[in-house]
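Engineer: Structure below; questions to follow.
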Amino acid sequence: MSRSPTHAITRREALSRLLGLGVLASTGCAPSTGDASAPAIALPAQVPGEEVAARSRYADDVDALCDVLLPTELDASGKVLSPGAREADVDGALRIEDFVAIASAQGILPALADADVRRLSGGADAFRAVLNAELAVLAARHRPLAAFRDLPRAVQEQIVVDAFDDDAQRPLVLVARAACFVAFLGAVTNDIGLRAVGFPAFESFEDGLAVSGYPRTKSGRLVDASTEDLARLAGKGDLDDYTYNRAPAPTPGDDLTTVLDASGDLL
Amino acid sequence: MAGGFHDIVIVGSGFGGAVMAARLGAHAKTLAKKPSVLVLEKGWDGSGKLDPRSDGGPVNAQGNRFRHTLSPAYTSKVAQVFTDPRGTYQRGAPSMNVIAGKGFGGGSIVYDGVSLRAPAEAFEQVRDGRRLWPSFYSRAALSPYYAMVEQRLGVHRLAWTDASAPHHQLATKRDFVFAEGCRRIGATAVPLKLADAGDANEGWWNQGQRFEGRQDLTKNYLRDARDSGVVMWSGCEVEHVAPTKDGYVISGTDRRGGAAVPFEIECRVLVVAGGAVGSSGLLLRSVDRFGDARALDPAQMLGKQVSANGDYGVSGVVGRDYEHDVEGHKGKPMSSFCPSFFGQHKFVLIPFYAAPLYLALGGASTLLRPREPAASGRGSTGIARDATGLEERAFGLAYKKRLMTFGPRMLTMGCLAIDACEGEISLARSGTGCDVSWRETSATTEARWKAAVDAMRRIYEALGGEMYLDAYRKDGTVSTAHPLGGCRMTERGDAAGVVDTCGESLRNRNLFVVDAAVIPSALGVNPSLTIAAVAESIADRLIRGAGTEALADRLA
Ligand SMILES: Cc1cc2nc3c(=O)[nH]c(=O)nc-3n(C[C@H](O)[C@H](O)[C@H](O)COP(=O)(O)OP(=O)(O)OC[C@H]3O[C@@H](n4cnc5c(N)ncnc54)[C@H](O)[C@@H]3O)c2cc1C
């Protein structure tokens, strides 16, 4: 079976996003706000304090928080070494209708108090507004007049640590963290995060088809094990398989005949 | 309000409901009056083949509606999680999480296909001087029924290596690594028995198996039921049952087509098969509708003594120097197990694929290091601190990097133990849902888990790696995909249960519970084969009228 190039965002698009972010990061420019992933609310202009970056590369504080929770890894030149929540389209995860309620119902979020569910529900824009407002307050506690997104990373991280420890703030960061990881590892709108952790690319994202089987060649071609010579492929270093096809060494002295019957069930 | 009458109504379509639908459906066809059989399932028809009115998405190129995404908007169509709302959120409070399938096929649409017969001693457990299982049941008594299920599901044992075995019937690299770890601590791993649909699997979806590779019940028992003329409605949640003069009335909501339409259906014979939590919840909600003479729960046992089947999952990594990659996401999600500890400690160990999303969020096991690696027991240790005295964080670059070991070095495993049924199911404060809880772990269960956790930690260490902190040691959270009990079977007249050995309510003729809810003890192995075998045995006795009134007479 050959791979179809029908990812929700194509690999080329993903790549250009990554490269684009790398360039943006290196130039310190904010990404365009005209695209669908832009936050829905306009933020008041912030007055940068002494130690903050001259210009933010984040669209808003929530955007920055997502990068703290599941960061894009950049090298010194701003090249993306490994993608993070933002490349994986965390905004798309946050836009899932009733995200808080269904994420709780699916065990992705712990059971939140009813009041928190109410506070954090009401759509992505509402959640974002609440979270941006909270982050503004938290940031101001550390640096008056500074926006969360403009704070040094160490301070941002400390704010997040404190928020996880605070009963009132914890639900907010839990929801944001869940959205980041759902986007990254849940194949919501792309498979960028999954590939970053070592999974093969989806064969067809639109059809919801991840991988259609093993063994395959390293380049992704499905191998018919009944007709092709796996040993030869392995010898060439071109086999991506899930079995070593050999038995593990026996365990001296461990006699299973007292617990296991001949068909492989416990006695 | 929609309504109507069906002779037999089955609520739920998992291992209990599907077997009953297939067997009673086939039998009904042979009866002169051709009684009608209806299955009501609250989830959708992911197969796209059972309910023409199901309003799922379009059938895809694979011939079904399943997709490989963990977006909660999608997973809420195929699975449900029950939790203790007083638990996880308030850190440190005891809690429990139960995951179950939802939709035609019940748990089979998300399961791993492991199909083991329960060990003989699971049936022989005694508590307070009483055998937990009714005397009718034993491993030997269930053997013919196990064989029937194995035959229908195409269960076979995998091999480590065999030139003549199809590639997909071989265990995985993960198993090889696990087996080597077991060997290094003096134990042995062997290949598992599995139901699979002949596919070479594809370790990705949340349980790592492509849907058309999974031997789910829509391909066998439910298909048989449909072919016998059993009518199946998806999207129909039963909320209450109540007795009538000569049967039952079932009320609920039909959500097909988007709108929530109430329905009320009458029947002569009612089979409740909503799973351990689903069935217990439905009966708990309905208790008030049954008077004293027909009390549903005369012994106040509904929802009580629920087993987690001793489930305890951990994650960790093998060492960088270990010669093999694990690549846990490839191959079947479960394909070997280690029975070496069962004789002494009553647990087996199983390596499995766990989706990195769930590991990252830490519901059952975390990617954090434990402060005291050798600690075991509920809430026994916290998160490790780094050199500067700060706790490791479940976010940030270091955490992401740990996650990125997922492909090559991550190894996830768990134990299934004979626990002492410490769980409880209760009605949620609002809505039609249920809560679950696990207040205290008995000394017996704790000792078994301690031995299991110790063995698993030693396996990681023997492979040069380490075991991460799990939610039981951190927060006291018990997580299970194998809830059992809630409507326990008992000898008729015995006060310690809810239904008799045929699954029939003690005081309500023709009201049956046939699913995980009636299983009165932990099994020590994955339970689906036993649930289905018990259902086969109940269907057989009902059809033959052996030890109970025959179905034909009940419907006359
Ligand atoms: C992720 C996962 C992996 C697993 N892997 C394995 C494995 O490899 N091997 C194994 O042996 N077991 C496995 N299990 C466990 C196995 O799936 C369950 O033990 C089994 O499905 C229970 O069967 P059941 O008939 O009791 O209920 P279920 O299979 O849970 O079916 C109950 C059905 O009833 C429906 N329902 C509930 N309430 C209502 C209502 N009020 N109205 C209408 N419908 C209702 C539900 O939607 C559901 O479809 C796994 C479980 C999970 C969640």
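Engineer: Return yes or no: is residue A:201 in contact with a helix residue (DSSP H, G or I) (Cβ under 8 Å, 6 or more places away or on another chain) and within 8 Å of chain B (Cβ to nearest Cβ)? Steps first, answer last, please.
Structural biologist: Working: in contact with a helix residue (DSSP H, G or I) (Cβ under 8 Å, 6 or more places away or on another chain): yes; within 8 Å of chain B (Cβ to nearest Cβ): no.
In short, no.
Engineer: Return the only residue of A:165, A:224, A:229 being among the charged types (D, E, K, R) and assigned by TED's automatic domain parsing to the domain that holds residue A:69. Let's see the steps before the verdict.
Structural biologist: Numbers: A:224 fails: assigned by TED's automatic domain parsing to the domain that holds residue A:69; A:229 fails: assigned by TED's automatic domain parsing to the domain that holds residue A:69.
When all the criteria are applied, what remains is A:165.
Engineer: Of all residues in the range B:522-539, how many are within 14 Å of the ligand (Cβ to nearest atom) and more than 14 Å from the chain's Cα centre (by Cα)? Spell out how you get there, then give the answer.
Structural biologist: If we filter the range B:522-539 for residues that are within 14 Å of the ligand (Cβ to nearest atom), which is where we start, we get B:522-536, B:538-539.
Narrowing the set further to residues that are more than 14 Å from the chain's Cα centre (by Cα) leaves B:533-536, B:538-539.
Qualifying residue count, the range B:522-539: 6.
Engineer: Further question on the same structure: Can you name the number of the only condition in (1) more than 15 Å from the ligand (Cβ to nearest atom); (2) at pLDDT 95 or above; (3) outside any strand (DSSP E or B) that residue B:293 fails?
Structural biologist: Every condition holds for residue B:293 apart from (2).
Engineer: When you go through (1) closer than 30 Å to residue B:72 by Cβ; (2) free of Cβ contacts under 8 Å to residues at least 60 places away in the same chain one by one for residue B:144, which number turns out not to apply?
Structural biologist: (1)
Engineer: Test each condition in (1) hydrophobic (A, V, I, L, M, F, W, C); (2) modelled with pLDDT of 95 or more; (3) part of a loop (DSSP other than H, G, I, E, B) for residue B:453 and report the one that comes out false.
Structural biologist: Checking residue B:453 against (1) hydrophobic (A, V, I, L, M, F, W, C); (2) modelled with pLDDT of 95 or more; (3) part of a loop (DSSP other than H, G, I, E, B), the one that fails is (3).
Engineer: Quick check on my filter: what residues within the range B:383-392 are in contact (Cβ under 8 Å) with a residue 24 or more places away in the chain and within 13 Å of chain A (Cβ to nearest Cβ)? Break it down into steps so the answer makes sense when it comes.
Structural biologist: Initially, the range B:383-392 is screened for residues in contact (Cβ under 8 Å) with a residue 24 or more places away in the chain, giving B:383-384, B:392.
The answer is B:383, B:392.
Engineer: In the set B:116, B:170, which member is buried (at least 23 other Cβ atoms within 10 Å of the Cβ) and assigned by TED's automatic domain parsing to the domain that holds residue B:196? Break it down into steps so the answer makes sense when it comes.
Structural biologist: Working: B:116 fails: assigned by TED's automatic domain parsing to the domain that holds residue B:196.
Exactly one of B:116, B:170 is buried (at least 23 other Cβ atoms within 10 Å of the Cβ) and assigned by TED's automatic domain parsing to the domain that holds residue B:196, namely B:170.
Engineer: Here's a check for you: in the range A:234-259, which residue that is small (Gly, Ala, Ser) and facing another protein chain (nearest Cβ under 8 Å) is farthest from residue A:220 (Cα to Cα)? Steps first, answer last, please.
Structural biologist: Of the range A:234-259, the ones small (Gly, Ala, Ser) are A:234-235, A:237, A:247, A:249, A:253.
Then keep just the ones that are facing another protein chain (nearest Cβ under 8 Å); that gives A:247, A:249, A:253.
On the way: A:247: 26, A:249: 31, A:253: 42 Å.
Here the residue is A:253.
Engineer: I would also like to ask the following. Would you mind finding the one in B:270, B:282 that is near the ligand (Cβ under 10 Å from one of its atoms) and modelled with pLDDT of 95 or more?
Structural biologist: Going through B:270, B:282 in turn, the sole match is B:282.
Engineer: Next question, about the same structure. In this structure, is residue B:320 farther than 30 Å from residue B:481 by Cβ and in the same structural domain as residue B:492 (by TED's automatic domain parsing)? Write out each step before concluding.
Structural biologist: On the way: farther than 30 Å from residue B:481 by Cβ: yes; in the same structural domain as residue B:492 (by TED's automatic domain parsing): no.
In short, no.
Engineer: Could I ask something else about it? Only one of these is under 29 Å from the mean Cα position of the chain (by Cα) and of a type outside the set (Ser, Thr, Tyr): B:389, B:407. Name it.
Structural biologist: On the way: B:389 fails: under 29 Å from the mean Cα position of the chain (by Cα).
Unique residue meeting the criteria: B:407.
Engineer: Please go through the range B:1-54 and give me each residue that is of a type in the set (D, E, K, R) and over 29 Å from residue B:483 (Cα atoms), ordered by number. If you could, list the steps in order and put the result at the bottom.
Structural biologist: Taking the range B:1-54 first, the residues of a type in the set (D, E, K, R) are B:7, B:23, B:29, B:33-34, B:41-42, B:45, B:49, B:51, B:53.
Correct list: B:7, B:29, B:33, B:34, B:53.
Engineer: Looking only at the range A:66-97, filter to residues that are at the interface with chain B (Cβ under 8 Å from one of its Cβ atoms) and in a loop (DSSP other than H, G, I, E, B); which one of those is surrounded by the most Cβ atoms within 10 Å (Cβ to Cβ)? Can you show your working first?
Structural biologist: Here is the first cut: in the range A:66-97, the ones at the interface with chain B (Cβ under 8 Å from one of its Cβ atoms) are A:68-71, A:73, A:82, A:84, A:93, A:96-97.
Applying the additional criterion that residues be in a loop (DSSP other than H, G, I, E, B) yields A:70-71, A:84, A:96-97.
Numbers: A:70: 29, A:71: 22, A:84: 26, A:96: 21, A:97: 10.
Residue satisfying both the conditions and the ranking: A:70.
Engineer: Condition first: touching a residue at least 40 places away in the same chain (Cβ under 8 Å) and touching a strand residue (DSSP E or B) at 6+ places or on another chain (Cβ under 8 Å). Now tell me which residues in the range A:84-120 satisfy that.
Structural biologist: Hits for the range A:84-120 are A:84, A:87, A:110.
Engineer: Which residues, counting only those in the range A:172-193, are more than 8 Å from every other protein chain (Cβ to nearest Cβ) and free of Cβ contacts under 8 Å to residues at least 60 places away in the same chain?
Structural biologist: A:172
Engineer: Hey, residue B:426 hits all of (1) surrounded by fewer than 19 Cβ atoms within 10 Å (Cβ to Cβ); (2) more than 24 Å from the chain's Cα centre (by Cα) but one; which does it fall short on?
Structural biologist: Just one mismatch for residue B:426, condition (2).
Engineer: Right, next: Looking at the range B:68-181, what helices (runs of 4 or more DSSP H) fall wholly within it and have at least 2 residues that are within 11 Å of chain A (Cβ to nearest Cβ) and within 16 Å of the ligand (Cβ to nearest atom)? Show your work before the answer.
Structural biologist: Details: elements: B:72-78, B:120-123, B:139-153.
Output list reads B:72-78, B:139-153.
Engineer: What residue, among those in the range A:233-267 that are charged (D, E, K, R) and at pLDDT 90 or above, is nearest to residue B:348 (Cα to Cα)? I'd like the intermediate steps shown before the answer.
Structural biologist: Restricting attention to the range A:233-267, the residues satisfying the condition of being charged (D, E, K, R) are A:236, A:238, A:240-241, A:246, A:254-255, A:261, A:265.
Remaining after also requiring at pLDDT 90 or above: A:236, A:254-255, A:261, A:265.
Details: A:236: 39, A:254: 15, A:255: 15, A:261: 15, A:265: 11 Å.
Within the range A:233-267, the match that is nearest to residue B:348 (Cα to Cα) is A:265.
Engineer: Against the definition (within 11 Å of the ligand (Cβ to nearest atom), acidic (Asp, Glu) and either modelled with pLDDT of 95 or more or assigned to a helix (DSSP H, G or I) (or both)), how does residue B:239 come out, yes or no?
Structural biologist: Spelling it out, residue B:239 is indeed within 11 Å of the ligand (Cβ to nearest atom), acidic (Asp, Glu) and either modelled with pLDDT of 95 or more or assigned to a helix (DSSP H, G or I) (or both).
Engineer: Next question, about the same structure. Name, by its number, the condition in (1) over 22 Å from residue B:318 (Cα atoms); (2) away from chain A (no Cβ under 13 Å) that does not hold for residue B:372.
Structural biologist: Residue B:372 satisfies all of (1) over 22 Å from residue B:318 (Cα atoms); (2) away from chain A (no Cβ under 13 Å) except (1).
Engineer: Look at the range B:302-336 and say how many of its residues are over 21 Å from the mean Cα position of the chain (by Cα) and either free of Cβ contacts under 8 Å to residues at least 12 places away in the same chain or away from the ligand (no atom under 16 Å from the Cβ) (or both).
Structural biologist: Qualifying residue count, the range B:302-336: 13.
Engineer: What about residue A:148, is it touching an Asp or Glu at 6+ places or on another chain (Cβ under 9 Å), buried (at least 23 other Cβ atoms within 10 Å of the Cβ), within 12 Å of chain B (Cβ to nearest Cβ) and touching a residue at least 60 places away in the same chain (Cβ under 8 Å)? Walk me through how you get there before you give the answer.
Structural biologist: Working: touching an Asp or Glu at 6+ places or on another chain (Cβ under 9 Å): yes; buried (at least 23 other Cβ atoms within 10 Å of the Cβ): yes; within 12 Å of chain B (Cβ to nearest Cβ): no; touching a residue at least 60 places away in the same chain (Cβ under 8 Å): yes.
Considered against the rule, which asks whether it is touching an Asp or Glu at 6+ places or on another chain (Cβ under 9 Å), buried (at least 23 other Cβ atoms within 10 Å of the Cβ), within 12 Å of chain B (Cβ to nearest Cβ) and touching a residue at least 60 places away in the same chain (Cβ under 8 Å), residue A:148 comes out as no.
Engineer: Within the range B:478-501, work out how many residues are touching a Ser or Thr at 6+ places or on another chain (Cβ under 6 Å) and away from the ligand (no atom under 16 Å from the Cβ).
Structural biologist: 2
Engineer: Okay, moving on. Given the conditions (1) outside any helix (DSSP H, G or I); (2) within 9 Å of the ligand (Cβ to nearest atom); (3) in contact with a helix residue (DSSP H, G or I) (Cβ under 6 Å, 6 or more places away or on another chain), and given that residue B:44 satisfies all but one, which numbered condition is not satisfied?
Structural biologist: (2)
Engineer: What residue, of A:249, A:168, A:146, A:225, is in contact with a His (Cβ under 6 Å, 6 or more places away or on another chain), over 26 Å from residue B:404 (Cα atoms) and in a loop (DSSP other than H, G, I, E, B)? Working first, answer last.
Structural biologist: Numbers: A:249 fails: in contact with a His (Cβ under 6 Å, 6 or more places away or on another chain); A:168 fails: in contact with a His (Cβ under 6 Å, 6 or more places away or on another chain); A:146 fails: in contact with a His (Cβ under 6 Å, 6 or more places away or on another chain).
Only one candidate passes the filter, namely A:225.
Residue-wise test of (1) closer than 22 Å to residue B:11 by Cβ; (2) in contact with a strand residue (DSSP E or B) (Cβ under 7 Å, 6 or more places away or on another chain).
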site: B:479; (1), (2): no, yes
site: B:488; (1), (2): yes, no
site: B:496; (1), (2): no, yes
site: B:505; (1), (2): yes, yes
site: B:510; (1), (2): yes, yes
site: B:519; (1), (2): yes, yes
site: B:542; (1), (2): yes, no
site: B:549; (1), (2): yes, no
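The values are calculated or read from the model by the stated rules, or taken from the named source; none is laboratory data. Keep in mind that this is a model prediction, so the values were computed, not measured. Here the Cβ is made from the backbone with ideal geometry for all residues, glycine too, and neighbour counts use every protein chain on show.
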